[in-house]
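Colleague: Let me give you the structure first, and then I'll get to my questions.
The values are calculated or read from the model by the stated rules, or taken from the named source; none is laboratory data. Nothing here was measured: the structure is a model prediction, and the numbers come from that model. Here the Cβ positions follow ideal geometry from the backbone for every residue, glycine too, while neighbour counts run over all protein chains shown. Areas reflect the complete protein model, heavy atoms only, side chains present, ligands, DNA and RNA absent. Shrake-Rupley method; radii C 1.70, N 1.55, O 1.52, S 1.80 Å.
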Amino acid sequence: MLIHLHLGFHKTGTTYLQKKLDINLLENDDIQYYSRSKIYKTITRPLIERKSGECSEKDGLKFVKEVLGENKRLVISEENILGAFYSWKENRFYPNGVDNIKRLSEVFQNARFKLFLTVREHSDWIESMYLQKIKNGYATDFSNFLQKTDVKELSFSSLIKDMAAIDCVNEVIVTDYGFFKGDSNRYMNCFEDFVGAELKKSPDKSLNLSYSDKQFKLALLGNKMLDKDEVKKLHSFIRKDLNGGEFKKPCLLSDEQRIQLNKNYEVDLMEIISSCKASEKIRFLS
């Protein structure tokens, strides 16, 4: 079985793409597609992360059996299959990514994969990852987060080459988040080619909006001072106001840090492009 697997990376337009798939493919007769929440609940959590939740391992395996019985092209979009974005213990980005892809292949009875990945400027990506953690209740200042996260070692190219080296991976299609933001129509054409279907209907563009500078500061203060239930109420209140008022993006990195990280990204991107020449499995779209 060949599975078309969109894995992110995190914070590269995944929510928008998943909602686009939801409203176009959930009732498609030729393609098997399930929402990200369904895949996380039935596959990622019980079978990949092997954690307890709404579904047991037995429930997950039963669902996989039903999916295999459909015998249609399967499209999965679930960035959490890659696991945690960073291990502070190992000082590595996505330390479980390769093993989790191998595990997913085993779960689907030795399935093979065509992967779709989007990369992003290191500076924007690390800020966005931190802000997402703040949304989820994280209570550490950015300076401490940055000190613990060895962002200068971030290498999307290394992660991509490791994925391409997996036996069950047929192809890795890579593109840049700037492409998504700058020419979304052409980007979506590339994504449609990957999925194998037209995605005409579009979701609300206000999906998964970032916190403004004021909202971020309020959220971080609340995360530090309030208990878990009160933090949830605070973030629910903040999210209701995400469309209101003038938006000022939080500026977390210094100019010097941003310049250096963006230089690192330029090197990383060139390494990805070079890897396309060295491996027939990797294809970069721009």
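Colleague: Residues of region 169-185 with backbone nitrogen within less than 20 Å of a virtual label 7 Å along the Cα-to-Cβ line of residue 283, please, listed as ranges.
Modeller: 169-180, 183-185
Colleague: Which of 162, 141, 229 moves most in a GNM of the chain, Cα contacts under 10 Å?
Modeller: Top of the fluctuation ranking is 229.
Colleague: Just subtract the alpha-carbon distance of residue 226 and residue 2 from 0.36 nm times their residue separation and send over the number in nm, one decimal.
Modeller: This chain segment gains 75.9 nm when fully extended.
Colleague: For the cross-link pairs 11/228; 38/233; 102/228, which exceed 28 Å when the distance is taken from alpha carbon to alpha carbon?
Modeller: 102/228, as the Cα separations exceed 28 Å there.
Colleague: Also, I was wondering about something else. Using a 1.4 Å probe on the protein chains only, how many percent of the accessible area of the chain belongs to carbon and sulfur?
Modeller: Accessible surface attributable to carbon and sulfur in the chain totals 46 percent.
Colleague: Which far-off residues, 5 or more places away or on another chain, put their amide H under 5 Å from the one on residue 172, with H placed in the peptide plane?
Modeller: So residue 172 has HN proximity to 115, 282, 283.
Colleague: For the chain, the longest stretch holding no trypsin sites (Lys or Arg not before Pro) located in a DSSP loop with at most 16 other Cβ atoms within 10 Å is which?
Modeller: Maximal segment without exposed cleavage sites: 90-199.
Colleague: Accessible area per residue of the chain at 1.4 Å probe, in Å²?
Modeller: Solvent-accessible surface per residue comes out at 53 Å².
Colleague: With each pseudo-label sitting 7 Å past Cα toward Cβ, what's the residue 72-residue 217 distance in nm, one decimal?
Modeller: Calculated label separation equals 5.1 nm.
Colleague: Residue by residue through region 19-30, which ³J(HN,Hα) values in whole Hz follow from phi under the Karplus form 6.51 cos²θ - 1.76 cosθ + 1.60 (θ = phi - 60°), with glycine and proline marked x?
Modeller: 5, 5, 5, 4, 7, 10, 10, 4, 10, 6, 6, 9
Colleague: Considering the zone a paramagnetic label at residue 273 would reach in this model (a point 7 Å from Cα along the Cα-to-Cβ line), which residues of region 163-206 have amide N under 16 Å from it?
Modeller: 174-180
Colleague: What whole-number distance in Å separates the alpha-carbon centres of region 1-58 and region 179-202?
Modeller: Centre-to-centre distance over Cα atoms comes out at 18 Å.
Colleague: What is the extension gain from residue 262 to residue 50, computed as 0.36 nm multiplied by their sequence separation minus the C-alpha to C-alpha distance, in nm to one decimal?
Modeller: Stretched fully, the residue 262-residue 50 segment lengthens by 72.7 nm.
Colleague: Pairs 65/135; 89/277; 152/181: which are spaced more than 29 Å apart, C-alpha to C-alpha?
Modeller: 65/135; 89/277
Colleague: Of the listed values [x] 19.2, 58; [y] 19.2, 55; [z] 21.6, 70, identify the label whose number matches Rg and Dmax of the Cα atoms in Å calculated from this model.
Modeller: Read-out taken from this structure: [y].
Colleague: Fully extended, how many nm does the chain gain between residue 254 and residue 84 (0.36 nm per residue separation, minus their Cα-Cα distance)?
Modeller: Stretched out fully, the residue 254 to residue 84 stretch lengthens by 58.6 nm.
Colleague: Okay, moving on. What is the local net charge at residue 280, summed over the other residues whose Cβ is closer than 14 Å to its Cβ (Lys, Arg +1; Asp, Glu -1)?
Modeller: Local charge sum for residue 280: +4.
Colleague: Let me ask you something else. At residue 109 and residue 170, where each label point lies 7 Å from the Cα along Cα→Cβ, what is the point-to-point distance in nanometres?
Modeller: 1.7 nm
Colleague: Hey, with R₀ at 22 Å, roughly what FRET efficiency would residue 236 and residue 133 work out to, going by the Cβ-Cβ distance, to 0.05?
Modeller: So, using R0 = 22 Å, E works out to roughly 0.80.
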